[in-house]
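Undergrad: Before anything else, here's the structure in question.
Any read-out appearing in this document is the output of simple, stated calculations on the displayed coordinates, not a laboratory observation. Just so it is clear, the model here is predicted, and its values are computed rather than measured. Here the Cβ positions follow ideal geometry from the backbone for every residue, glycine too, while neighbour counts run over all protein chains shown.
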Amino acid sequence: MDIKQRDSTRLTDLDFADGLSLLAQSRDTLQKITINLKSEAGKAGLRISAEKTKVRQICGKQSTDQIIVGGMWLGSHILAAY
């Protein structure tokens, strides 16, 4: 679900005051982005809370693969696109 921008790059995250949404076209890409985020956040003394973090799949083929952070699976939801 990456959003193409005018310069052909892809929007991969939305930043909020107290959170962040990661966007990816595949579970593999999302896992890589999540690993990188965990690493960079750790440098600043921050961590990803597996209890508070959810994965939402909006369209495409349903996947049973899980995104893992710090050895814990993140909760997953499938949303129908209308």
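Undergrad: To the nearest 0.05, how large is the calculated FRET efficiency for LEU23 and SER49 if R₀ is 25 Å and r is the Cβ-Cβ distance? Please list the in-between numbers first.
TA: Values: r = 19 Å, r/R0 = 0.77.
Once the sixth-power term is evaluated, E becomes 0.80.
Undergrad: Quick one: which residues, 5 or more positions from THR53 or on another chain, have an amide H under 5 Å from its amide H? H modelled 1.01 Å from N in the peptide plane, none for Pro or chain starts.
TA: Result for THR53 returns nothing.
Undergrad: Something else about it: I want to check the label-to-label distance for LYS32 and ARG56. Put each point 7 Å from Cα in the C-beta direction and report it in nm to one decimal.
TA: Once both label points are built, they end up 2.5 nm from each other.
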